[in-house]
Ligand SMILES: Cc1cc2nc3c(=O)[nH]c(=O)nc-3n(C[C@H](O)[C@H](O)[C@H](O)COP(=O)(O)O)c2cc1C
């Protein structure tokens, strides 16, 4: 906990004795000074632009715009995408919070313009009265008391993930300063599954294979089978989903928290993943299989290797990583491993049954330009929303106004933690 936050906590305890109103005031002040990283997005699919507003990024972080734009380009790619990606060229523009390639500690505003900007043209964005199953259309139209699903779908659209990727890629710029790296890919599409394991030693080779794959899967045989599956869906005017996977390397032990349910890093990662449009499940480490096995086959025994003492794991080693790098909501020095399940795209070329909201008469669902599969893009989104959550936990643990201060807190902690039991 930073020194000034400690001061406010103790003044909060003193206030408890003096007057309850002061307690509330102290808690409000405490909440407002607790360092965290957050963001919010705005923008419609066919509005002028998408924007993200970030707060809490420390001063002095080098911003790698090329990295951010590369992630935006990857989000636009993948096998089975629809026509929208041919129209757009997503490039980030920074409007605030960055000077000469570095963050300056103030809120950061970033924007990605939409070329397909036609929200105010009624002919180009006609009303949609026949809600598409699997979309926000029906629930949103009823919620906002309209028979036109247009405004709901404009905001619910995954076009919004563009700026979530930009925000996450900016968070990656911070993680890079602490040697934390993330590798995301597509594990399966339909019944085609990549057969490979990821380790700290082989992930860079896999990354090269992933970048050579149209589906973003580093197993060439699986890549071919995934494309076949997507082609079959296209012929049948149907759609595909799949599973994305993400590995995070280099996290020090102890980021996240076991103190509160929403401070747990596993809880935040799960929320970030299911917060992506069309994601319906998350697994950490061994995932749902833990429920089927005895404890002796699940929990990762702890060892110590002095040769690894000066790494972020501090030398605490495991032969297995079934916990996926997280125990008690905190990092345990092993790589974080996350899987996310994406349902098949909801807009089908052969529309499903629906009703017309104006008449309640049976009708075919409306149609909007759509992907057959967006699993590759979704893997990029998942990688970047997880990056943001890891960066957030890092900022909370090593709070500092500047990168210099944060780094010094980080080094001080690693030294103290490394000396545990040795005094
Ligand atoms: C990267 C990405 C691209 C997507 N593209 C489409 C698409 O082209 N057509 C479509 O119907 N759904 C698409 N989706 C899924 C919908 O946005 C999503 O199913 C819908 O907003 C309803 O949300 P829900 O599935 O979370 O309930 C995409 C999702 C992601 C993550």
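The values are calculated or read from the model by the stated rules, or taken from the named source; none is laboratory data. This structure is a prediction, so every number in the text was calculated from the model and none was measured. So basically every Cβ, Gly included, is an ideal-geometry build from the backbone, and we count neighbours across all protein chains shown.
One table, with the values for the structure above:
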| read-out | value |
| --- | --- |
| Single residue of 262, 211, 219 found to be surrounded by fewer than 23 Cβ atoms within 10 Å (Cβ to Cβ), without any contact (Cβ under 8 Å) to a residue 24 or more places away in the chain and within 21 Å of residue 285 (Cα to Cα) | 262 |
| For residue 337: the one exception among (1) crowded, with 20+ Cβ neighbours inside 10 Å; (2) over 28 Å from residue 243 (Cβ atoms) | (2) |
| Residue in the stretch 177-193 that is loosely packed, with under 15 Cβ neighbours inside 10 Å, assigned by TED's automatic domain parsing to the domain that holds residue 245 and either assigned to a loop (DSSP other than H, G, I, E, B) or in contact (Cβ under 8 Å) with a residue 24 or more places away in the chain (or both) present | yes |
| Residues of the stretch 131-153 that turn out to be over 21 Å from residue 280 (Cα atoms) and surrounded by fewer than 23 Cβ atoms within 10 Å (Cβ to Cβ), as a count | 10 |
| So residue 417, is it more than 16 Å from the ligand (Cβ to nearest atom) and under 26 Å from the mean Cα position of the chain (by Cα) | no |
| Selection within the stretch 83-103 - part of a loop (DSSP other than H, G, I, E, B) and under 15 Å from residue 53 (Cβ atoms) | 92, 97 |
| Boolean, residue 166 is within 20 Å of the chain's Cα centre (by Cα), away from the ligand (no atom under 13 Å from the Cβ) and outside any loop (DSSP other than H, G, I, E, B) | yes |
| Contacts under 6 angstrom Cβ, first residue in the stretch 366-386 being under 14 Å from residue 213 (Cα atoms), partner outside any helix (DSSP H, G or I) and within 10 Å of the ligand (Cβ to nearest atom), 6 or more apart | 375/342; 376/78; 377/78; 379/244 |
| Where residue 382 falls short, out of the listed (1) over 16 Å from residue 173 (Cα atoms); (2) more than 11 Å from the ligand (Cβ to nearest atom) | (2) |
| Selection count where residues are surrounded by fewer than 16 Cβ atoms within 10 Å (Cβ to Cβ) and either at positive phi or not in a strand (DSSP E or B) (or both), scope the stretch 105-115 | 3 |
